[in-house]
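Report on one structure; see the data block that follows.
The values are calculated or read from the model by the stated rules, or taken from the named source; none is laboratory data. Everything numeric here is computed off the predicted structure, so don't read it as measured data. Virtual Cβ from ideal backbone geometry, glycine too; neighbours counted across all protein chains shown.
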């Protein structure tokens, strides 16, 4: 298959965590500190293996010290800022009247030379596999699978390779929540405790103030993930300020499941701080109401036999394989909305398209007004030279100098790091999925160049 052919695409970790899920930053750091300093992988050999596994042959600095010094969590929160500091130089403009297919081929050629940079970065950071997709004019114009799904098996990454999306799961659930609002299932500004007699947290009357809007905009007051160091609590008055919270999403998911689904008698699991959770129909609900209607047919939340040949395996900082976890409905009940999505780069690109260029609303697709509200800033996060960051309903919103408003979300958990970014006004975007613990470094290196090429004026 040639790169131009590939451009025509449009169409264990342990089952129980004693302290906190891999998404928890504290636990990731503790895990890193305890990792063996065993012999490193020869970089040149890995580069050769990485290139051999690719399906076919397929820079601008951030100039931002705050980003270079950022923690992984800060990075995922700030990645979109890099786009605001990119120069527009180097964009080749040509006038053409080529049809859509020719335009896609033109975009494929535009990214061919970037493959070497991706391969070099992956080898340098010991990231075994990368999956990418680019959207322009609301079409998937280029996609690429580079490296391997699993260092042990050497199965190459391809368009069907499924990665853990981590926190990129949140916008997908936000989409579902907005549709529930359209259907009258929930109101964004009604306290969630009004929908259920079950108390997500006992002993704090401020629970009765938390709404879906608070959860989706990360202003609920809950911490990210409960742990011994940070037990579940409401840390400030809901709506008062921004604080990233996976637990807020877990709360909203538990309420919507009560309203639209049901809890199973098995399987059940024990999670952080002896939290017992039983399976639900979250996976089937999301497939029927969001994933399949939006063309995300390879995505889901629960392990099934069909995933075996396509599931990317997580790898540590040295590129060594980590255990594969076969996700159950109990895992989806605990983590689905906050970080349980399993997806491909092209599937997630189709989700971006559904948001940036919505088709007429129907039983599953949102009305334009709902999408507009979902992308409207709800709370300011920070300002900086040439940028401003706010949080909308499920999305980060960055106002940049060079590209205007950019909508994005990152994903960060053990062995998987990812980023999706889009410009609704340009109907452009890109998705980067990695299966290595150093994937965030690769993304930090490549995101500026992707932003410049994707959001700048296209060829033709």
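Residue-by-condition table, conditions (1) in contact with a helix residue (DSSP H, G or I) (Cβ under 6 Å, 6 or more places away or on another chain); (2) farther than 22 Å from residue 251 by Cα:
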| residue | (1), (2) |
| --- | --- |
| 315 | no, yes |
| 319 | no, yes |
| 327 | no, no |
| 337 | yes, no |
| 346 | no, yes |
| 354 | no, yes |
| 367 | no, yes |
| 374 | yes, no |
| 384 | no, yes |
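Only one entry of 233, 193 meets the criterion of being buried (at least 17 other Cβ atoms within 10 Å of the Cβ), modelled with pLDDT of 95 or more and more than 29 Å from residue 433 (Cα to Cα), and that entry is 193. With respect to being modelled with pLDDT under 95, farther than 26 Å from residue 392 by Cα, more than 21 Å from the chain's Cα centre (by Cα) and surrounded by fewer than 17 Cβ atoms within 10 Å (Cβ to Cβ), residue 264 fits the description.
Of all residues in the stretch 427-434, at least one satisfies being over 26 Å from residue 157 (Cβ atoms), surrounded by fewer than 22 Cβ atoms within 10 Å (Cβ to Cβ) and at pLDDT 95 or above. Of all residues assigned to the stretch 389-411, none qualifies as being part of a loop (DSSP other than H, G, I, E, B) and out of contact with any helix residue (DSSP H, G or I) (no Cβ under 9 Å at 6 or more places or on another chain).
A Cβ distance below 8 Å, combined with a sequence gap of six or more or placement on separate chains, defines the contacts here; from the stretch 280-308, residues that are on the phi > 0 side of the Ramachandran plot and at pLDDT below 95 reach no residue that is buried (at least 18 other Cβ atoms within 10 Å of the Cβ) and assigned to a helix (DSSP H, G or I). Taken over the stretch 198-228, the criterion of being touching a helix residue (DSSP H, G or I) at 6+ places or on another chain (Cβ under 6 Å) and surrounded by fewer than 16 Cβ atoms within 10 Å (Cβ to Cβ) is satisfied by 208 alone. Can you give me the number of residues within the stretch 109-140 that are more than 20 Å from the chain's Cα centre (by Cα) and under 20 Å from residue 347 (Cα atoms)? Count: 2. Looking at the structure I just gave you, is residue 391 surrounded by fewer than 24 Cβ atoms within 10 Å (Cβ to Cβ) and either at pLDDT 95 or above or under 26 Å from residue 316 (Cβ atoms) (or both)? Yes, satisfied. Within the stretch 331-350, residues that are under 10 Å from residue 431 (Cα atoms) reach partners that are part of a helix (DSSP H, G or I) and at pLDDT 95 or above with beta carbons closer than 7 Å, at six or more positions or on different chains, in the pairs 348/168. Across the stretch 362-372, not a single residue is classified as surrounded by fewer than 24 Cβ atoms within 10 Å (Cβ to Cβ), touching a strand residue (DSSP E or B) at 6+ places or on another chain (Cβ under 8 Å) and at pLDDT 95 or above. For the stretch 159-186, the candidate set comprises residues that are part of a loop (DSSP other than H, G, I, E, B) and surrounded by fewer than 20 Cβ atoms within 10 Å (Cβ to Cβ); within that set, the residue that is nearest to the chain's Cα centre (by Cα) is 160.
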